[in-house]
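Novice: Before anything else, here's the structure in question.
The values are calculated or read from the model by the stated rules, or taken from the named source; none is laboratory data. Everything numeric in this text was worked out from a predicted model, so none of it was measured. Using ideal geometry, Cβ is built from the backbone for each residue, glycine included, and neighbour counts are taken over all protein chains shown.
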């Protein structure tokens, strides 16, 4: 646990956990702008909820001081205990790692960072979504 959270999980491992683990939750920590314009993971074929709580605000990039409290309240309302498997996702895996570490520090024991995030790093042409991450893995997603 040197990273401050339980482990990194690939998008495929995350999908499998969301599909099979009864209390699993996917927490998207990107900004509202990203949710609206880039798209969202589609977990509708699982029983897992997709929770959206911004880790940082747009465009300032200021960390959401109420993140832990807000997510804890939402998780409690969804009937999730401190032992529920929580998978955190952002664009590339950096913000979600920080969010997973914060929730681990708050007493949640099974926090995972989705390695590569939703879009992953840039390819040779500077585009995201083709090299790594949820989209590149071909997992379901929706765009508004």
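Novice: Is it fair to say residue 118 is under 14 Å from the mean Cα position of the chain (by Cα) and in a loop (DSSP other than H, G, I, E, B)?
Specialist: Yes.
Novice: Now a separate question. For the stretch 97-115, how many residues meet the condition of being crowded, with 16+ Cβ neighbours inside 10 Å and either farther than 18 Å from residue 27 by Cβ or over 16 Å from the mean Cα position of the chain (by Cα) (or both)?
Specialist: 0
Novice: Need the failing condition index for residue 122 against (1) surrounded by 15 or more Cβ atoms within 10 Å (Cβ to Cβ); (2) touching a strand residue (DSSP E or B) at 6+ places or on another chain (Cβ under 9 Å), just the number.
Specialist: Evaluating residue 122 over (1) surrounded by 15 or more Cβ atoms within 10 Å (Cβ to Cβ); (2) touching a strand residue (DSSP E or B) at 6+ places or on another chain (Cβ under 9 Å) leaves (1) as the failure.
Novice: When you scan the stretch 82-115, how many residues do you find that are in a loop (DSSP other than H, G, I, E, B) and on the phi < 0 side of the Ramachandran plot?
Specialist: 12
Novice: If you don't mind, there's one more thing I want to ask. Please determine, by comparing only the residues of the stretch 36-80 that are part of a helix (DSSP H, G or I), surrounded by 17 or more Cβ atoms within 10 Å (Cβ to Cβ) and touching a residue at least 40 places away in the same chain (Cβ under 8 Å), which one is farthest from the chain's Cα centre (by Cα).
Specialist: Selected residue: 75.
Novice: May I ask you to list the residues in the stretch 121-144 that are under 21 Å from residue 26 (Cα atoms), assigned to a loop (DSSP other than H, G, I, E, B) and modelled with pLDDT of 90 or more?
Specialist: Answer for the stretch 121-144, where residues must be under 21 Å from residue 26 (Cα atoms), assigned to a loop (DSSP other than H, G, I, E, B) and modelled with pLDDT of 90 or more: 132, 137, 138, 139, 140, 143.
Novice: Take the stretch 8-30 and flag every residue that is outside any helix (DSSP H, G or I), in contact with a helix residue (DSSP H, G or I) (Cβ under 9 Å, 6 or more places away or on another chain) and either under 19 Å from residue 110 (Cα atoms) or free of Cβ contacts under 8 Å to residues at least 40 places away in the same chain (or both).
Specialist: 8, 9, 24, 25, 26, 27, 28, 29
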